[in-house]
Amino acid sequence: MVIKQQKKLKQGMLDNVMRQFNYSADLINLNPNIRKILSITNNELVVHFPVKMDNGDVEVFTGYRVQHNNSLGPYKGGLRYHPTVDIDAAKALAMWMTWKTSLAGLPFGGAKGGIQLDPSKYSQAELERITRRFTYALGDNIGPELDIPAPDVNTNPQTMAWILDTYMSTKSPSERSKNMHVVTGKPVGAGGSEGRDRATGYGVFLNIKFWAENKKIDLKDKRYIVQGFGNVGYWTSHFLDQEGAILVGVQDASGSIANTKGMCVEDLFKHTMEHKGAIAGFSGATPIAQSTFFGLDCDICVPAALGNQITADNANDIKAFLIAEGANGPTDVEAEKILLEKGIEIIPDILCNSGGVIGSYFEWLQNRNGEIWQLDEVMEKMHKKLKESFNKVMKTATERELDMRTAAFTIAIERLEQAYIQRGIFP
């Protein structure tokens, strides 16, 4: 049953991104030849590699890296460690990355990948060996000017540090320091950037704030729910809390909790740090049924976990007036139709969670140029970049009478179309 659900989820994500792309392409009369190019991926890599476990047994893992498009610059995208990772999931996520980097005006293309595993079943030492072996298996299919991975679901700065060290070890001593920007999202002490840890969540928060300012809505005392309380969910909540918004519900793989009077974000974060990242058992809230989470009474809903979480089955339950997509592809096409008909607005993933890739771009630039920026400088640059993207989307949505997702897609696709028209097709 679980395997069937996972298969449906992954197929649904690829179907979603293609339907979103085709709808927007039709709307702007995209050049049919360019549509053919953007409809497919450039490269799809599947690697199988053996790793010795702590008990001496050897286990064979399957890793993926899909490179969708690099017409605007090197491939860019995260690596996730999750049982749902496969070629279709990676293809869908890689395409979303292409639209995201294009919309943000970055000199990057789109890629995605990961390993099909449940990291909770492995020790830290095993995860290190798995990561290093995966990096070695990818070889020169990644590189600082070719394809730059970053953290995603169940990966973190430590994962990136292992990838960096392994990749650099394959280069000659004189070349190693030139490869510091092969990955982003590294620990600050290993070439990472100040502010990268909070970049995605900060971006989600800023988009909510920009939207609220645009609608002349005060975020103070607005109630919000968050699905997923990892890096993105926590930092989004952290910044919303500072604006006076009230966290009334949280869901993750361990369960769902709610408190109509509000929860202390920092107390919940401390609880997750002491309980392997799980929210279950938090004393500041009451457990609720998983199926009732999206129906909680709130103003803002932040899905910040996996794709295809808001579907036609639960869309009618949603009471929020705004959905801010912290995750990639959390809302399927049928659900979106229902939500828009209900007057619920959606800040789409390729805009809402683009703070992560913008932060990654800043880290890549610093490594490339031998610079170190201070936190306030990074946050200021991120605010400016995100505001530009948000304003572009709102302007396009208003002028063309589109919803925010379609507006964002048209901007992203038109930039790619222009690049192909100007450069032509080789040979």
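The values are calculated or read from the model by the stated rules, or taken from the named source; none is laboratory data. No experiment lies behind these values; they were computed from the predicted model shown. Here the Cβ positions follow ideal geometry from the backbone for every residue, glycine too, while neighbour counts run over all protein chains shown.
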Please name all residue pairs, on different chains or six or more residues apart, with Cβ atoms under 6 Å, provided the first residue is in region 45-64 and is under 17 Å from Pro149 (Cα atoms) and the second residue is hydrophobic (A, V, I, L, M, F, W, C) and part of a strand (DSSP E or B). Gly63/Val47; Gly63/Ile115; Tyr64/Val46
Could you give me the residue pairs with C-beta distances under 6 Å whose first residue belongs to region 308-324 and is basic (Lys, Arg), whose second residue is surrounded by fewer than 17 Cβ atoms within 10 Å (Cβ to Cβ) and assigned to a loop (DSSP other than H, G, I, E, B) wherever it lies, and which are 6+ apart or on separate chains? Lys319/Asp297
Condition met for Gly185 (outside the structural domain of Ile279 (by TED's automatic domain parsing) and either aromatic (Phe, Trp, Tyr) or at pLDDT 95 or above (or both)): yes
Taking region 325-366, which residues are among the small types (Gly, Ala, Ser) and free of Cβ contacts under 8 Å to residues at least 24 places away in the same chain? Gly343
Out of region 168-205, which residues are in a helix (DSSP H, G or I) and either acidic (Asp, Glu) or surrounded by fewer than 24 Cβ atoms within 10 Å (Cβ to Cβ) (or both)? Met168, Ser169, Arg176, Ser177, Lys178, Asn179, Met180, His181, Val188, Gly189, Ala190, Asp197
Determine, yes or no, whether Met160 is surrounded by fewer than 20 Cβ atoms within 10 Å (Cβ to Cβ) and at pLDDT 95 or above. no
Residues to consider are Ser174, Ser193, Ser169; find the one that is of a type in the set (S, T, N, Q) and closer than 26 Å to Asp349 by Cα. Ser193
Restricting attention to region 196-230, report how many residues are modelled with pLDDT under 95 and either out of contact with any helix residue (DSSP H, G or I) (no Cβ under 6 Å at 6 or more places or on another chain) or among the aromatic types (Phe, Trp, Tyr) (or both). 2
Do any helices (runs of 4 or more DSSP H) lying entirely in region 346-427 carry at least 2 residues that are basic (Lys, Arg), and which ones are they? 375-400, 404-423
